[in-house]
Amino acid sequence: QVQLVESGGGLVQPGGSLGLSCAASGFAFSIYTMNWYRQAPGKERELVAAISSAGDSTNYADSVKGRFTISRDNAKRTVYLQMNSLKPEDTAVYYCNLPGRTRWGQGTQVTVSS
């Protein structure tokens with residue numbers, strides 16, 4: 001059974017940084033692309049970043065390009081999202097997931113506010 005547990009969220013001031021983690025279990029983690037998504041209040045969930053199975057290819061939403069970095073450690077079955085230069089509009093619940101999977105974990109709340 002696929003399990004994805006996100007952690008690392010919190011409250012940060014504009015311009016600050018946070019690092020998110022997503023621990024995976026129940027599937028062959030190392031052969032799958034992994035994605036980070038976010039959902040802000042009143043908005044639809046959006047794809048933020050994606051990383052290939054080997055970690056050698058990444059893609060980002062235009063809104064986070066140059067500020068966020070996705071990475072993974074297949075030995076630890078974990079995918080990361082390093083978020084720098086955070087803005088209030090980055091406030092959202094952040095989720096990791098397999099592409100196309102429709103079940104979601106609990107996510108982790110990121111709030112950017114002074």
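The values are calculated or read from the model by the stated rules, or taken from the named source; none is laboratory data. Model, not experiment: these values are computed from the prediction. Cβ: placed from backbone, ideal geometry, glycine included. Neighbour counts: every protein chain shown. To get the accessible areas, we keep the full protein, side chains included, count just its heavy atoms, and leave off ligands, DNA and RNA. Shrake-Rupley method; radii C 1.70, N 1.55, O 1.52, S 1.80 Å.
Observations on the model:
- Linear extension gain, residue 40 paired with residue 59, 0.36 nm per residue minus alpha-carbon span: 4.8 nm
- Using only alpha carbons, region 50-92 has a radius of gyration to Kirkwood radius ratio (Rg to Rh) of 1.01.
- Estimated D of the chain in µm² per second, where Rh is the Kirkwood radius over Cα pairs and Stokes-Einstein applies at 10 °C, 1.306 mPa s: 114
- Here the Karplus curve 6.51 cos²θ - 1.76 cosθ + 1.60, taken at θ = phi - 60°, turns the phi angles of region 2-16 into couplings of 5, 10, 10, 10, 8, 7, x, x, x, 9, 9, 7, x, x, x Hz, with x standing for Gly and Pro.
- Length added when fully stretched, residue 69-residue 82, from 0.36 nm per residue minus Cα-Cα: 4.2 nm
- Sequentially through region 71-88, phi angles give Karplus couplings (6.51, -1.76, 1.60; θ = phi - 60°) of 8, 8, 10, 5, 5, 9, 6, 9, 10, 10, 9, 8, 10, 10, 6, 5, 10, x Hz, Gly and Pro residues having no value and appearing as x.
- Total charge dipole magnitude, the chain, about the Cα centre, Cβ charges on Lys, Arg, Asp, Glu only, Debye to nearest 20: 160
- Under 5 Å between amide hydrogens, built in the peptide plane, is the criterion, and for residue 53 it picks out 33 among residues at least 5 positions away or on other chains.
- Taking every protein chain into account, the accessible area of the chain amounts to 52 square angstrom per residue (probe 1.4 Å).
- Those trypsin sites (Lys or Arg not before Pro) in region 36-100 that DSSP places in a loop and that have at most 11 other beta carbons within 10 Å: 43, 65
- Listed by chain and number, the lysines placed with their C-alpha closer than 22 angstrom to that of residue 87 are 43, 65; residues fewer than eight positions away on the same chain are left out.
- Accessible carbon and sulfur surface of region 36-114 relative to its total accessible area, %, 1.4 Å: 46
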